[in-house]
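For reference, the structure discussed in these notes is given below.
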Amino acid sequence: MRKIKVSCLCLSILAFLFCFVVAGDHTRRANAQNDSGALSDPLGAPAAGDSHSFDVANMDRSVAACQSFFQYANGGWTKNNPVPAAYSSWGRFNELAEKNRDVVHQILEDAAKNTKAAKGSNEQKIGDYYAACMDEANIEAAGLKPIQPELDRINKIKDQPSLQAEVAHLHSMFIPVLFRFSSGQDYKDATQVIGQLNQGGLTMPDRDYYLNPEEKSKTIRAKYVTHVTTMFQLLGDEPAAAGTEANAVMAIETKLAEASTKREDLRDPNARYHRMKVADLKALAPEFEWDAYFKGIGVSLADLNVGMPDFVKAEGKQLTTTSLDDWKTYLRWQVVNARATALPKRFVDEDFDFKGRTLSGTQELLPRWKRCVQSTDQALGEAVGPLYVQRAFPPEAKARAVKMVQNLISALHDDLETLSWMSDTTRQRATVKLEAFMRKIGYPDKWRDYSALKIDRDSYAANIDRASAFETRRGLAKIAKPVDRAEWGMTPPTVNAYYNPSMNEIVFPAGILQWPFYDPAADDAINYGGIGVVIGHEMTHGFDDSGAKFDSQGNLRNWWTDEDLVKFKARAQCIIDQFDGFEVQPGLHEKGKLVTGESIADLGGLAIAYAAFQKSMQGKPRPPDIDGFTPEQRFFLGYAQIWAQNVRPEYERQLVITDPHPLGRFRVNGPLSNMPLFAQAFQCKDGDAMVRPPDKRCQIW
Ligand SMILES: [Zn+2]
């Protein structure tokens, strides 16, 4: 995902990177960049008397390990760490993300105070961006002024050509109305960057929010219409008119939702690959003036990938069957929605009331400084990044991470050699793919150049506009240029990691290479269960239901023998069935198909990290038991404890619908109940909840 603004992190490329966790309160991604944490405590190295290492107080030993390992390992933590009012969920990831955010906060406060920074320097830009965001008095005084030019433009729309010209204009400001257009590597020729046209145009998180017939969804839809009505009133519209307008927005977005493909059906990259000539796109949706659009956003192309042709076709029809006035209403809504957080407090509060309170169950807004740290990281993440790395990620931390990745690669290598269900032909090709993995650790070797981006203290909203336009141009300028393999999709302070199939690369930002994932003071078992599994997880994405379709060079090309592919699919189905069975709330189940890739990656990551841990002990005296736990038990406890979390029910619902990652409790109990090594470590018996019967046990890597 390149350039996305806060609430919607799925805009472009990142949507198809495979991350370790959802980008939520605790992580940011890509051009949605981010923040960070602590001088005195680099890499989570424990200060004297403050060892972070594994803590038995986080456990609940009244529950049997073999009944619910999540509860056993985390019951103490979840009981003592309710979700704070300003968060939708709270877990170990958040603890680290807060620490990283503190580091970035200090960097930005220092930069904002330094009014002598050279004009045009990165320090001036991050300081001014942050200061303008913090200047609420100035934002109040400006009122609607920042978006007035856009509202005026929309008001002047008088026909289809001027409507469509406005669509192009809003896209150039990163306001993704109607559909999404960005750049990305061609799935079938990873050496090329091409235009990518995808479905979009919705405000709520997924098509399901518009279409699900259940009561809970109906209630949310009613609240959404009320929210849109209120926002139009804040723009100055009369209540009755605002209500009518909100219904028009809802009608348009519902049609877009109907035309959208379910996200679980888009997991197969073949389903979203339809490279075609611009002439074919014109035939698909002749109602839209494509030449004018491409000219409007400043690109010239002969062909492109149309991810969802049916969506484009339906949208073309919708374009001329919906009234011009309704389209204008929709565009006005999209503008105020996209820029609400940069407007006066009444807009910020109303925006939060729906997106925070209704959609996520969050009780209060994050403090302003936290929102401003996040926003600065999104706009200028690679200008903040070098300063974060300097303060929080010393060379020895990078060296440790590099070594750990090597150990994990070597363990997967061994695993491939001994995997019983795979033929030698496929095995050999899998090994080639593994050996071709590009590894990115900590931070980019080459930082993004922001010299063409103007930032000042005059207007926060204007900074967002320019940063959005800058990022959009930067993304579109890649079309038909050679692929930049040095680029990163996450900023250094991010508590996350990803695998990118088109690059065949695994990427670990500095932000996650710290306690509780990695603690230099902890025993190896804890670290292999933590960061070891994170690394194994990302590697396994290269071989999950989607990643396995890409070859060592990042091309969507089958390298499996027919027979092995059939076996692989059957094994993936085992995981789908298992997760379909997990009930989250009464009537709400994990969606097995949506979470297949992540669940394969968790199970594979655990197997590989466990093997690497075993290998690390070879030829050495056996490590002593600690706190009464064997090294093997501590490996699994280390893993389980990174998933300690509490999630608000509203947000839980959103995650189940939109997030390809299962909830933390199922990321623990799901894969571990498939692992005989786990059962062995805790002496679980057949029939225990944490032991799946042999005929239901899933194993892939
Ligand atoms: Zn993942």
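The values are calculated or read from the model by the stated rules, or taken from the named source; none is laboratory data. The shown structure was predicted, so the numbers you read here are calculated from the model rather than taken from an experiment. All Cβ positions, glycine included, derive from the backbone under ideal geometry; neighbour counts span all protein chains shown. Side chains included, ligands, DNA and RNA excluded: accessible areas come from the protein's heavy atoms. Shrake-Rupley method; radii C 1.70, N 1.55, O 1.52, S 1.80 Å.
Observations, loosely collected:
- Screening Gln654 on (1) under 15 Å from Val21 (Cβ atoms); (2) open to solvent by less than 10 Å² (accessible area, probe 1.4 Å); (3) polar (S, T, N, Q) shows it passes everything except condition (2).
- Single residue of segment 593-603 satisfying the filter (out of contact with any Pro (no Cβ under 9 Å at 6 or more places or on another chain) and open to solvent by less than 10 Å² (accessible area, probe 1.4 Å)) that is nearest to the ligand (Cβ to nearest atom): Ala601
- Contact annotation: residue pairs with Cβ atoms under 6 Å, 6 or more positions apart or on different chains, pairing a residue in segment 89-104 that is part of a helix (DSSP H, G or I) with a partner that is at pLDDT 95 or above and open to solvent by 10 Å² or more (accessible area, probe 1.4 Å), are Val103/Arg391.
- Only residues that are within 16 Å of the ligand (Cβ to nearest atom) and at pLDDT 95 or above were counted across segment 512-529, and they come to 1.
- Summed over segment 399-428, the residues that are assigned to a helix (DSSP H, G or I), surrounded by fewer than 14 Cβ atoms within 10 Å (Cβ to Cβ) and of a type in the set (Gly, Ala, Ser) give a count of 1.
- Pair list, Cβ under 7 Å, 6 or more apart: segment 490-514 residue within 22 Å of Val432 (Cα to Cα), other residue basic (Lys, Arg) and within 12 Å of the ligand (Cβ to nearest atom): none
- Among the residues making up segment 229-263, those that are in contact with a strand residue (DSSP E or B) (Cβ under 9 Å, 6 or more places away or on another chain) and hydrophobic (A, V, I, L, M, F, W, C) are Leu256, Ala259.
- Qualifying residue in segment 621-629 (condition: open to solvent by 10 Å² or more (accessible area, probe 1.4 Å) and within 16 Å of the ligand (Cβ to nearest atom)): no
- Of the helices (runs of 4 or more DSSP H) lying entirely inside segment 436-547, those carrying at least 3 residues that are buried (at least 18 other Cβ atoms within 10 Å of the Cβ) and over 21 Å from the mean Cα position of the chain (by Cα) are 460-476, 524-527.
- Taking the criterion of being under 16 Å from Tyr87 (Cβ atoms) and assigned to a helix (DSSP H, G or I), the residues of segment 629-652 that qualify are Pro649, Glu650, Tyr651, Glu652.
- Only one of Gln334, Gln378 that is in the same structural domain as Ser89 (by TED's automatic domain parsing) and closer than 20 Å to Ala462 by Cβ: Gln378
- Listed by first and then second residue, the pairs linking a residue in segment 307-320 that is closer than 19 Å to Lys277 by Cα and assigned by TED's automatic domain parsing to the domain that holds Arg180 to a residue that is modelled with pLDDT of 95 or more and among the aromatic types (Phe, Trp, Tyr), with Cβ atoms under 6 Å apart and 6 or more places separating them unless they lie on different chains, are Gly316/Phe288.
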